[in-house]
Structure formats: C-alpha cells, structure tokens
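Contents: one structure, followed by commentary.
Read-outs: derived from the displayed coordinates by stated rules, not from any lab. Computed from a prediction, not measured in an experiment: that's the story for all the values here. Here Cβ is always computed from backbone atoms with ideal geometry, including for glycine, and neighbour counts include all displayed protein chains.
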Amino acid sequence: MVKAVVFDMFETLVSLYRTELYFGEHMCKDMGLTEERFREYWDTTDDDRSTGVKRFEDTIKEILDKNNIFSEETYEKVVKKRHESRKRVFKCYREDIKPMLQAIRDKGVKIALITNCFSEEAEAIKESDLFEYFDVPVLSFDEGVMKPDLEIYRLALERLGVDASECLYVGDGGSRELQAAKEIGMKPLQALWYFNDNIRTERKPMPEFIGLKEPADVLKYL
C-alpha cells in the first residue's frame, strides 16, 4: 500500500526552462567576466551551495572580489536578477501539477519533497504556492546533505513515518536520484513531462524505470 509520494522539485514539479533563463553564462556577462573565468570558481562551489556551506550572495561577492571587480551596483544587479529568475519559475509551471498534488492529498497519501537546491532556490520554494502541499519538505541547503546520498532519503522517511517500501519516488532522473530511491527501497518513477522544455541538458527515458508522460500518471500507481 502506498502511504507517501516523494517528489523531486526541478524538472519534475517545476522547470527552470519555461521562463527567462538566468544561469552562469548570463551572470558572467553582467559581471563583465568571461564564462571560463566565472566558472573557475562558480562550478567548484556547487556542492557547498547545495548543502548550506555557502549562500548564493556570498559566492557572488567572492567571485567579484577575486577578480577585483566588486561594486555594489554589479553585486546587487546579479543577486536581484537571480532571485527574480528563481521566483518566476514558480509562476510558470504546468497547470496540471497542483491538481495532481491535490488528488494525492485527497486520497490520504502523504507528500514529501526531496530536492537539491541552493539558497536562492530554497527561498523561492518556501515562498511558492506549491510549498503547502508538502507534509515533509527536505531541502539539501537546509539539511547539509544532497542527492544521491541515501541520508537525505532517510530523513524524509523518518519524518514521514513510513517505510521505504510504502513510498513512490517521482523525479526526472538527475543526480542519480532514481537509482538512490530504488536502492533505499522506494518505487522510482521517472517524470518525463518537462523533457522537451530543457534546452541545456539532454534527459532521456531510462528503460530500467517506469516513465510517466503526464503528471496525472502518478495517480495510477497509488
């Protein structure tokens, strides 16, 4: 019997690609840096930014300082545009996401979130109208651990108060999340519905997992 559904956030419930983008290649232009120079530091901080060691704002200041180009104007411009871009993501997700979450709730099944996220993304998630649907939100930035580490799955299970065998895990498949969900004992389902929106990273159906073409398909496995 399914007692809980655990969701990934990005490219599962929302997509970063359905609104104006603001990634590293855009931030470096606003800083006046080459992308290579920007990524020399930015890319090395991914894990620290995902596990609460570094905040986004501090990282931007460090990049500007290291390149001797810090100014309040540039700093504030980049920080503001990044925060605005992440908030827009939660205004542009598919219209059938909330009805699917509500249908799960109506069946008395708990809903959890396990997501890898940076500080600015954690803030956007908590301010979004999706946040109220999660009985148990587990955000890597807050917890200090990220997928595919099994510890983040254990945290969700403990707070849900259910066994792994009683959980579905729904995600697009990034960060080896589906493999980890299977390893811990959940039933993994691959969310395919945002694949055509992603213009930066090619995602493919994984034949070893059940693929879901539409959000409502989750309900078939409850």
Check: In terms of Cα to Cα distance under 25 Å, which lysines are near enough to residue 91, apart from those fewer than 8 places away along the same chain?
Finding: 77, 80, 81, 110, 126, 213
Check: Mind checking the dipole of segment 24-89: about its Cα centre, +1 per Lys or Arg Cβ, -1 per Asp or Glu Cβ, Debye to the nearest 20?
Finding: 360 debye
Next item on the list: Go through segment 200-214 residue by residue and turn each phi into a ³J(HN,Hα) via Karplus (6.51, -1.76, 1.60, θ = phi - 60°); whole Hz please, and just put x for glycine and proline.
Entry: 10, 10, 6, 10, 10, x, 9, x, 7, 10, 5, x, 10, 7, 10
Note to self: How long are the semi-axes of the equivalent ellipsoid of the chain, taking √(5λ) for every eigenvalue λ of the Cα gyration tensor, in whole Å from largest down?
What the structure shows: 33, 17, 16
Notebook entry, point to check: Stokes-Einstein at 4 °C, 1.567 mPa s, Kirkwood radius from Cα pairs: D for segment 124-182 in µm² s⁻¹?
Noted result: 105 µm²/s
Item checked: Calculated from backbone phi, Karplus (6.51, -1.76, 1.60) coupling profile of segment 16-24 in Hz, x at Gly/Pro -> 6, 10, 9, 9, 4, 7, 8, 10, x
Note to self: Quick query: amide H of residue 4 versus all other amide H atoms, modeled in the peptide plane; which residues come in under 5 Å with a sequence gap of 5 or more or a different chain?
What the structure shows: 110, 168
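With a sphere of radius 10 Å drawn around the Cβ of residue 194, what net charge do the other residues whose Cβ falls strictly inside it have (Lys, Arg +1; Asp, Glu -1)?
After counting each charged neighbour, the total is 0.
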Notebook entry, point to check: Do the sum for the chain: with -39,500 (n - 2.57) for every DSSP H run of n ≥ 4, divided by all residues, what is the mean residue ellipticity at 222 nm, to the nearest 500 deg cm²/dmol?
Noted result: -12000 deg cm²/dmol
Note to self: Using the crude model of +1 on Lys and Arg Cβ and -1 on Asp and Glu Cβ, and no other charge, please compute the dipole size for the chain relative to its Cα centre, in debye to 20.
What the structure shows: 600 debye
Next item on the list: If a/c stays under 1.5 just call it rounded; otherwise compare a/b with b/c (prolate if a/b is bigger, oblate if not). Do that for segment 24-89, with a ≥ b ≥ c from the square roots of the Cα gyration tensor eigenvalues.
Entry: rounded
Item checked: More than 17 angstrom apart: percent of Cα pairs within segment 82-156 -> 50 percent
Checklist line | With Cα atoms, 0 to 90° folded angle of helix 97-106 axis to the chain main axis | finding: 40 degrees
Notebook entry, point to check: So what are the ³J(HN,Hα) numbers for segment 154-162, from phi and the Karplus equation (6.51, -1.76, 1.60; θ = phi - 60°), rounded to whole Hz, Gly and Pro as x?
Noted result: 5, 4, 5, 5, 4, 6, 6, x, 10
